[in-house]
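Participant: One structure is given below, represented as structure tokens, and several questions about it will come after.
The values are calculated or read from the model by the stated rules, or taken from the named source; none is laboratory data. Everything numeric in this text was worked out from a predicted model, so none of it was measured. Ideal geometry is used to build each Cβ from the backbone, glycine not excepted, and the neighbour counts take in all protein chains shown.
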Amino acid sequence: MNHFYLIPFLLLCGLFYGMTFAVLKLNRWKALPTEEQYLASLAGQPAQCSHCASATIEERGEWGRNSQERVFVCQGCGRKLYRSQH
């Protein structure tokens, strides 16, 4: 039995999944406060995690190492704290 008719269907499913994943990831990134908003919420305190008070914050690319969309993650608890764009 010939199942070649499934190939376009599977390709479309993969494309839909990939696009959905990208949109959801971008929306989660946009929901984070900007760097300025986050630092303003600390009321003049040095940059630290608002959840565990760790001062160790790591900058990561949202889409990879060279991504312009950056996210800052607490190394103590692993939470995403704020975002920036370079």
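Participant: If you take the residues in the stretch 75-86 that are touching a strand residue (DSSP E or B) at 6+ places or on another chain (Cβ under 8 Å), more than 18 Å from Ala40 (Cβ to Cβ) and of a type outside the set (Lys, Arg), which one is modelled with the lowest pLDDT? First the steps, then the outcome.
Facilitator: Residues of the stretch 75-86 that are touching a strand residue (DSSP E or B) at 6+ places or on another chain (Cβ under 8 Å), as a first pass: 75, 79-86.
Cutting the leftovers down to more than 18 Å from Ala40 (Cβ to Cβ) gives us 75, 79, 86.
Checking which are of a type outside the set (Lys, Arg) leaves us with 75, 86.
Details: Gln75: 95, His86: 78.
By that ranking, first place goes to His86.
Participant: Of the residues Ser54, Ser67, Ser50, Ser84, which single one is surrounded by 11 or more Cβ atoms within 10 Å (Cβ to Cβ), of a type in the set (S, T, N, Q), within 20 Å of Val23 (Cα to Cα) and touching a residue at least 12 places away in the same chain (Cβ under 8 Å)?
Facilitator: Values: Ser54 fails: within 20 Å of Val23 (Cα to Cα); Ser67 fails: touching a residue at least 12 places away in the same chain (Cβ under 8 Å); Ser50 fails: within 20 Å of Val23 (Cα to Cα).
The unique qualifying residue is Ser84.
Participant: Scan Arg65, Arg28 and give me the residue that is in a loop (DSSP other than H, G, I, E, B) and out of contact with any strand residue (DSSP E or B) (no Cβ under 6 Å at 6 or more places or on another chain).
Facilitator: After ruling out the rest, the residue left standing is Arg65.
Participant: Also, I was wondering about something else. Please find, among Leu26, Leu39, the residue that is under 23 Å from the mean Cα position of the chain (by Cα), under 21 Å from Gly76 (Cα atoms) and surrounded by 11 or more Cβ atoms within 10 Å (Cβ to Cβ).
Facilitator: The conditions single out Leu39.
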